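To start, the structure under review is shown below, and the notes come after it.
The values are calculated or read from the model by the stated rules, or taken from the named source; none is laboratory data. Keep in mind that this is a model prediction, so the values were computed, not measured. Heads up, the Cβs are rebuilt from the backbone with ideal geometry, glycines too, and the neighbour counts pull from every protein chain shown. Ligands, DNA and RNA are stripped out before the accessible areas are found, and what is left, the full protein with its side chains, is counted by its heavy atoms. Shrake-Rupley method; radii C 1.70, N 1.55, O 1.52, S 1.80 Å.
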Amino acid sequence: QVQLVESGGGLVQPGGSLRLSCTTSRSIFRFNLMAWYRQAPGKQRELVASHVIPGISNYAGFVKGRFTISRDFATNTMYLQMNSLKPDDTAVYYCYANGTSLYRGIDDYWGQGTQVTVSS
């Protein structure tokens, strides 16, 4: 029922910037936790950044200081602003949302991913 749709990926030169978007089919107020993950070929999926209501953000060490996670509650959209991109940032980036609680039970979802390629 719930869909997460990523967009904003593409090809960018090293040092460049991209902004990824994740739009959800229901209010993101219901997702206490939202996060961005990424997976490069031959590697495990890894956490990039997370955002927890009311406003706690966490970042993986390899992106801290370069990436910023945010939410726009009016448009049900989560963003990942990526600056100073490096070739090893190349991966498929996935949106994740979790509203699990004792009241709702297990309630989490993944998007299908958007490709980010950093190359000169």
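Brief remarks on what is shown
- Full-extension gain in nm, Gln13 to Arg26, via 0.36 nm per residue minus C-alpha separation: 1.2 nm
- Ligands, DNA and RNA aside, Lys43 has an accessible area near 110 Å² when probed at 1.4 Å.
- Working from label points 7 Å from Cα in the Cα-to-Cβ sense, the Ile106 to Gln81 distance is 3.6 nm.
- Accessible area per residue was computed with a 1.4 Å probe on protein heavy atoms; Arg30 scores about 110 Å².
- For the range 9-120, relative contact order (Cα pairs under 8 Å, six or more residues apart, normalised by length) works out to 36 percent.
- Ile69 accessible area, 1.4 Å probe, all protein chains in place, Å² to nearest 10: 10
- For the set Leu102, Leu33, the ranking by accessible area, highest first and with no ligand, DNA or RNA atoms included, is Leu102, Leu33 under a 1.4 Å probe.
- Counting charges near Val48 (Lys, Arg +1; Asp, Glu -1) among other residues having Cβ under 14 Å from its Cβ returns a value of +3.
- Net +/- balance of residues flanking Met82 in space, Cβ distance below 15 Å, scoring K and R +1, D and E -1: +1
- Extension reserve of the Ser120-Ala74 stretch, reckoned as 0.36 nm per residue once the Cα distance is removed: 12.9 nm
- For the chain, the dipole from Cβ point charges (+1 on Lys and Arg, -1 on Asp and Glu) about the Cα centre works out to 100 debye, to the nearest 20.
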